[in-house]
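Data first, discussion second: the structure below is written as structure tokens.
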Amino acid sequence: MAMIRPGGEALTKKAVETAKLPENSKALDVGCGEGDTVALLRDRFGFDATGVDMSRKIIDKGKARREGLDLRRMEAEYLDVESRTYDAVFMECSLSVFRLQEDAAFEAWCALKPGGKLIISDMYIKNPDPQAVAKMLTCAAEKANKPKIEGACGENERPSFVMLDGAFVADELLAMLEETGFIFEHFSDESDALAGFVAQAVMGHGSLEEYFKAVVPEGEDPSIFYPCAALKAKNLGYFLMILRKPEEEKGECINE
């Protein structure tokens, strides 16, 4: 399967090295797809690596491609893994498509050992318009405060306080993660990886839409696996962010 994340293996390797993950680390890749990162972490770095993804079709395809990969069908917002187990949790171009991002961040918190690292790569808006950000926050707050309406599922969707035009506002994302309890360690702009990804996809398939149709299993909605709308946003960039769970924890974990 072609990579459906910018940067591919090179960015994963950079993340491992920048995070200074110890030998024999135990790693969890959330939104793992067919398990390319899981295989890399296992084969290149010798990690005890597990991948989880919401799509049974993609998980089955990944297992068929590589024997012995630990891939499991699981939603990011409801991780059925042992708490305080992992040295690293990876979310490579996946947090932006999770339905409940705050819940996914907290589940990652619970899965990590004290001192463990959360590694995120994803799309963001460079130099976002302050007025647009303010409007985003106001609209999200207004919608969050509205009472739930029985049977009106679309109206009950949780608004995003961290995304604008399908991509992250980096400052707001960081604020949300720090509120969860993470400590910031690293941020780097990796927009060259996004530009290369788009160019390769278009050259190989004629358009981004055709690319995603080709790499996503039949019967699955490509937009579930990649925020295609964000690729048309202005000032779009790609980032690598690394955060650390402190040695002293706060809060209670759902999955205990």
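Val81 falls short on exactly one of the conditions (1) farther than 20 Å from Met241 by Cα; (2) in contact with a Phe, Trp or Tyr (Cβ under 6 Å, 6 or more places away or on another chain), and that condition is (2).
Asp103 meets the conditions (1) free of Cβ contacts under 8 Å to residues at least 12 places away in the same chain; (2) of a type outside the set (Ser, Thr, Tyr); (3) out of contact with any Leu (no Cβ under 9 Å at 6 or more places or on another chain) in every case but one. The failed one is (1). Restricted to segment 60-152, the set of strands (runs of 3 or more DSSP E) holding at least 2 residues that are modelled with pLDDT under 95 and out of contact with any Cys (no Cβ under 8 Å at 6 or more places or on another chain) comprises 112-125. Residues that are assigned to a helix (DSSP H, G or I) and more than 19 Å from the chain's Cα centre (by Cα) were ranked within segment 31-56; the one that is nearest to Ala105 (Cα to Cα) is Arg42. Number of residues in segment 159-173 that are part of a helix (DSSP H, G or I) and among the aliphatic types (A, V, I, L, M) equals 2.
This table checks each residue for (1) touching a strand residue (DSSP E or B) at 6+ places or on another chain (Cβ under 7 Å); (2) of a type in the set (D, E, K, R); (3) surrounded by 17 or more Cβ atoms within 10 Å (Cβ to Cβ); (4) modelled with pLDDT of 60 or more.
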residue	(1), (2), (3), (4)
Val169	yes, no, yes, yes
Phe182	yes, no, yes, yes
Ala195	no, no, no, yes
Ile224	no, no, no, no
Cys228	no, no, no, no
Lys250	no, yes, no, no
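For segment 57-68, a residue qualifies if it is hydrophobic (A, V, I, L, M, F, W, C) and either under 11 Å from Leu28 (Cα atoms) or more than 20 Å from the chain's Cα centre (by Cα) (or both), and exactly one does: Ala64.
Scanning segment 41-69 for residues that are surrounded by fewer than 19 Cβ atoms within 10 Å (Cβ to Cβ) and closer than 15 Å to Phe90 by Cα yields Phe45, Asp48. Among the residues of segment 8-30, the ones that are in contact with a strand residue (DSSP E or B) (Cβ under 6 Å, 6 or more places away or on another chain) and small (Gly, Ala, Ser) come to 4 in all. Inclusion of Glu178 among residues that are in contact with a strand residue (DSSP E or B) (Cβ under 8 Å, 6 or more places away or on another chain), at pLDDT 65 or above and either surrounded by fewer than 19 Cβ atoms within 10 Å (Cβ to Cβ) or assigned to a helix (DSSP H, G or I) (or both) is warranted.
The values are calculated or read from the model by the stated rules, or taken from the named source; none is laboratory data. Computed from a predicted structure; not experimentally measured. Note that we place each Cβ from the backbone using ideal geometry, even for glycine, and neighbour counts take in every protein chain shown.
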